[in-house]
Amino acid sequence: LSFRHEMIGAMIISRRLTLIKIREISIACALVACVSQAFADEAKTPYKGSIIDAHVHYSMPAWDVFPPARIMEKFDDADVTKAIVSSTPDTGTLTLHSHAPGRIIKFLRPYRTRADMGNWYADNDVLAYVQQKLAANSYTGFGEFHMYDPNGAATPQMKTILKLAVEKGLILQSHSGADVVEALLKVEPSLTVIWAHAGMSSPPAVIYDLFDRYPKVYADLSFRGDEMLGADGFDPAWKKVIDRFSDRLMIGSDTYINAQWSGYQELIDEHRRWLAYLPKETADAIASGNARKLLGP
């Protein structure tokens with residue numbers, strides 16, 4: 001009988017412990033659900049402010065598919081008030097600017113065709129093209145250009161282009177690694193550089209370091225928006241960059257192919273989702289304020 005009582009007691013204790021564990025698990029799950037819901041609620045309303053797009057191309061393949069009026073409709077739908085535009089060839093930029101001069105910020109891209117991309121900074125014909133364009137038109141910046149070897153910043157042709165950029169007060173937009181940005185600034189330390197895509201694949205720690213050492217380096221965040229948020233909230237490494245350098249970051253879309261124009265609204269919406277996690281003052285700066293201060297009203 002005693003043994004039976006002990007067994008019954010043990011079963012009762014075991015059942016109570018099981019109920020306690022179930023209750024603890026339920027509470028834990030509820031807490032996780034609350035945190036997840038709070039995170040979701042915080043991001044539920046995307047950032048609503050206007051945006052200046054600091055990385056747009058209107059190159060030849062887009063001209064017939066998306067005429068200037070259609071591009072303006074896309075800007076209107078996405079609440080993009082202004083855009084930095086560079087194109088291959090430059091005719092695309094000039095066409096858009098003629099259609100909406102108060103909305104298009106002209107940057108000169110050095111490519112007559114895509115064939116120029118590989119070695120443009122050591123090509124005398126490209127240099128002559130750039131000189132002719134800079135003499136015939138006014139631009140706010142030079143680029144977006146591609147350069148993967150820091151030695152490219154020191155060719156005779158590139159040194160001439162950089163000297164012209166300084167003389168005309170042009171902002172550079174460089175698609176490159178951090179080493180190339182440093183090389184460009186070594187040749188002409190007074191230059192201001194917009195680092196396209198914040199280095200594309202450069203980790204936040206590298207971005208932080210470059211910004212820390214070069215106060216005239218900015219970055220557009222085209223192709224980086226999907227890195228900002230994770231399952232547990234804002235990515236800590238990116239948050240560190242934004243907390244320190246929110247005055248040096250801008251939004252970008254990079255409409256380098258027609259598919260980017262087709263999905264333009266989604267590209268901007270992706271940025272609106274992560275901007276919603278920032279204090280409004282910070283989000284406003286990245287969305288448009290920094291570009292406005294850098295580029296003028």
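The values are calculated or read from the model by the stated rules, or taken from the named source; none is laboratory data. All of these numbers come straight from a predicted model, not from anything done at the bench. Cβ placement follows ideal geometry from the backbone for every residue including glycine, while neighbour counts extend to all protein chains displayed. The area values use the complete protein model at the heavy-atom level, side chains included, leaving out ligands, DNA and RNA. Shrake-Rupley method; radii C 1.70, N 1.55, O 1.52, S 1.80 Å.
The table that follows gives values for the structure above.
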| item | result |
| --- | --- |
| Region 200-239 - accessible surface per residue (Å², probe 1.4 Å) | 48 |
| Over region 203-252, volume per residue of the alpha carbon convex hull, in Å³ | 70 |
| Nitroxide proxy distance, nm - points 7 Å out along Cα→Cβ at residue 131 and residue 159 | 1.5 |
| Additional length obtainable on full extension of the chain from residue 239 to residue 91, 0.36 nm per residue less Cα span | 49.4 nm |
| Rounded accessible area of residue 99 (nearest 10 Å², 1.4 Å probe) | 100 |
| Rounded tilt (10° steps) of 68-77 against the dominant C-alpha axis of the chain | 30 |
| The chain: angle of helix 204-213 to the longest principal axis, Cα-based, in degrees nearest 10 | 50 |
| Ranked packing of 107-116, 46-55, most packed first, by mean Cβ within 10 Å | 46-55, 107-116 |
| Approximate spin-label separation residue 226-residue 99, in nm, with each point projected 7 Å along Cα-to-Cβ | 2.8 |
| Of all accessible heavy-atom area on the chain, the percent that carbon and sulfur account for (1.4 Å) | 57 |
| Rounded tilt (10° steps) of 124-136 against the dominant C-alpha axis of the chain | 80 |
| Debye intensity ratio in log₁₀ form over the Cα atoms of region 136-251, taken at each q of 0.14, 0.19, 0.20, 0.23 Å⁻¹ | -0.57, -0.96, -1.05, -1.31 |
| Cα principal axis extents for region 205-296, largest first, Å | 37, 36, 25 |
| Sequence ranges 123-130, 64-71, ranked by mean other-Cβ count within 10 angstrom, highest first | 123-130, 64-71 |
| Compactness index (Cα Rg / 2.2 N^0.38 Å), region 58-193 | 1.06 |
| Compactness of the chain - radius of gyration and Dmax, Cα, Å | 25.9, 107 |
| Per residue solvent-accessible surface (Å²) - region 61-141, probe of 1.4 Å | 43 |
| FRET efficiency for residue 45 and residue 113, using Cβ-Cβ distance with R0 set to 35 Å, rounded to 0.05 | 0.20 |
| Of 74/168; 106/240; 106/163; 106/186; 106/216, those spanning more than 22 Å from alpha-carbon to alpha-carbon | 74/168; 106/240; 106/186 |
| Spin-label pair residue 148/residue 64, simplified geometry with 7 Å Cα→Cβ offset, distance in nm | 3.1 |
